[in-house]
Structure formats: structure tokens, C-alpha cells
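Input: a single structure, listed below in C-alpha cells.
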């Protein structure tokens, strides 16, 4: 279906980034070309969830001092700098000249860079570079309390620890705004609905539903709230359209930036696969930051790590599209490396304890059809 005429609708934003014809000053919103043949990939990741929250304790394995830094659920990228700052402080308490980091994902990269800045010679040991890790398959949104813990399991003090991690990370991400390639940027997000907030029909609660912790109200001062837009100020043909802004991680470029920073500072990367803690104790470095993500379940026999499956479909990037939408339990977020489409149907329990990493094309096709219906509705 051709959607190119959407921008010419009366009352819609004009091409070129100026104010809309309504006079409300709404930004231009170019349509997503939601055609099935533009979906070039489908990826699946397993979020490493722990009911008590991330593991950040330390232990001695052989003669190695090991600091753990894993189990962040859907908040790994968002909390990476804050969580790694805590892990690096513990590691550097031993005043090491050299530090080993296990894992090359989001937590591994930020731990390695912070350990370098603290004065250590750092080597990352991992099976994969960042682009091949599960971290690279994330949606790329600032979601610091997404499946981070269960409210009835996490310690009473965990909320304070979470806030420290979130604020530290948020402040660090400011250093990556405005760089070439836009590794991190602010983009507008829209929630489009036929129902007033809180009035949409809800599916009956699952009997096995868990009470995931929510801490976002602790950092309301950091990001804008969602506000209802005036009627006609956006091209979305729905009675209820709310808008906010949030950070987007363009993971391809951001990951490349992290790896370049690490290597330029003298970091070393060694391909290695670990099968037991004894393999880590055998490393020449005797201070280790352990960031294996979901791999901790097998490596450390840590049954507290539960997989939460997440799948996204990838559309060819459209540089003119620089916003995200949630519509009928489907999320669309435009990044520089692609437009990611994700089904949110089922809420936080979706994918819980599902370790299947095989892509389900029908899931992504159904989600894409919902996004196509939104734009068809706008053009009608």
C-alpha cells in the first residue's frame, strides 16, 4: 500500500520539519513503509532475569577475586554504566594492575571501559564480539526498570540501588549525545489508542502472573512524562494520542563506539569460551568482572537466572523517520540501523521462562500488519 501521500493530509505535519498546519507546532512525522518485503531480519534475545535483581556480589574462585555483574532482565543497556560502576569499584578495591572482563555484551563493554578509566590494564575474554552477542538484539530504548526484579523478592534496599544505577547511567549517556552517527539520541514516542488511558479492554490476568517491580517514579525528573496531544496536531487518526521523548540507543553505532573507545585505550579482546568457574580461575588476571548475561545460568549453574524471550522484526531503515509508536500492543521504534517492530501482547509475562531462540516469523508478520493498519488508517 502506498503511504507516501500521508504527509499531504490536511492538518498533518508538513515535510521539512516545520510546524503543522494546525498551528500546534507538531513535528513532521513521516510514515513508516510497513511492507512485509521490507522486513530484512528477525532476531531473538534472551533477557537474563533474576527475581532479586542483578547479581553484583563478589566471591573468590581459586586465587581469583570475581565480581559478578549480570541478571538485568530487560534493563541491561539502560543500567549498564551504573551497574558497571558498582562492579568496577569492588574490583578496584583490590588495587589490581590488570583486570579480566568475562563477556563482550553491554555490561562487559561498560565494565571494561570503566576499569580502564580506573587505571587497570583490561582484557575482555568472550566467545563473541558485541555485534554477535544477545545484547546486540535489544530494542534500544531507555527502559531502566524493565523486568529488573520482582517486588516481593527484591530486598527493601534494592530500590535505592536501582536508582543509583539508573541515575549514573543516565548521566553517562549524556556523553554520547550529539556524536557523529548519533550512537545515542533523544526521539519522540507516541502512544496511539482508541481508548482513554487506563480504559482499554484488558485480557484476564494470568494465573501465573508475577509482580514485576516498578521504580520509574523515582526518576521522573529525568525524562518527560507522556502528555495528551491536542486533536489534529499529529497525523495519527485516533482520539487519544500521547507524546513524550526518550533516549534511543542506535546499537550498531553505539556498540562500535564502545569497542573503538576500548581498543584505543589499549584494551585487548581474546576469543575464549568458558565452561566452568575453574576456567576463569585459570586466567592470568586475578581480578575478574563477570558479565556473561544469560550465559551465567550454564557457566555458574545459577538457576536464579530465568530467560525472558524477546523478538523483534527489522525493517529497512528510513532516515526521515525519527520517532517511535505503541499501537494495539505493538511497538515500532525507528533507529539508524533499522526500524524495529516488537509485539507487546501479553505484557511482562510474555516470553518468561521461554529459552527458544528460534525466530517466529508469524509473530513478527502479525505485529507488522498492526503497524501497517495504523498507517493505512491515517491515510484513509
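The values are calculated or read from the model by the stated rules, or taken from the named source; none is laboratory data. Everything numeric here is computed off the predicted structure, so don't read it as measured data. For neighbour counting, all protein chains shown are included, and Cβ atoms are generated from backbone atoms with ideal geometry for every residue, glycine included.
Brief remarks on what is shown
- Residues that are more than 12 Å from residue 293 (Cβ to Cβ) and in contact with a helix residue (DSSP H, G or I) (Cβ under 7 Å, 6 or more places away or on another chain) were ranked within region 94-108; the one that is surrounded by the fewest Cβ atoms within 10 Å (Cβ to Cβ) is 99.
- Verdict on residue 358 being modelled with pLDDT of 95 or more, more than 18 Å from the chain's Cα centre (by Cα) and under 19 Å from residue 137 (Cα atoms): yes
- Scanning region 281-293 for residues that are part of a helix (DSSP H, G or I) and either buried (at least 24 other Cβ atoms within 10 Å of the Cβ) or in contact with a helix residue (DSSP H, G or I) (Cβ under 6 Å, 6 or more places away or on another chain) (or both) turns up just one, 293.
- Some residue of region 163-170 being surrounded by 12 or more Cβ atoms within 10 Å (Cβ to Cβ) and in a loop (DSSP other than H, G, I, E, B): no
- Output for region 97-132, where each listed residue is touching a strand residue (DSSP E or B) at 6+ places or on another chain (Cβ under 6 Å), within 24 Å of residue 161 (Cβ to Cβ) and assigned to a loop (DSSP other than H, G, I, E, B): 103, 120
- Out of 218, 191, 237, one residue alone is within 21 Å of residue 379 (Cβ to Cβ) and under 20 Å from the mean Cα position of the chain (by Cα). It is 191.
- Scanning region 187-217 for residues that are in contact with a strand residue (DSSP E or B) (Cβ under 7 Å, 6 or more places away or on another chain), more than 13 Å from residue 349 (Cβ to Cβ) and not in a loop (DSSP other than H, G, I, E, B) yields 187, 188, 189, 190, 191, 192, 193.
- In region 133-149 there is no residue that is touching a helix residue (DSSP H, G or I) at 6+ places or on another chain (Cβ under 7 Å), crowded, with 23+ Cβ neighbours inside 10 Å, assigned to a strand (DSSP E or B) and modelled with pLDDT of 95 or more.
- Exclusive hit being in contact with a strand residue (DSSP E or B) (Cβ under 7 Å, 6 or more places away or on another chain), buried (at least 23 other Cβ atoms within 10 Å of the Cβ) and either in a loop (DSSP other than H, G, I, E, B) or in contact (Cβ under 8 Å) with a residue 40 or more places away in the chain (or both), set 318, 311: 311
- Out of 234, 223, one residue alone is closer than 23 Å to residue 167 by Cα and either assigned to a loop (DSSP other than H, G, I, E, B) or modelled with pLDDT under 95 (or both). It is 223.
- Among the conditions (1) under 24 Å from the mean Cα position of the chain (by Cα); (2) at pLDDT 95 or above, the only one that residue 267 does not satisfy is (1).
- Taking the criterion of being over 21 Å from the mean Cα position of the chain (by Cα) and in contact (Cβ under 8 Å) with a residue 40 or more places away in the chain, the residues of region 287-298 that qualify are 287, 288, 289.
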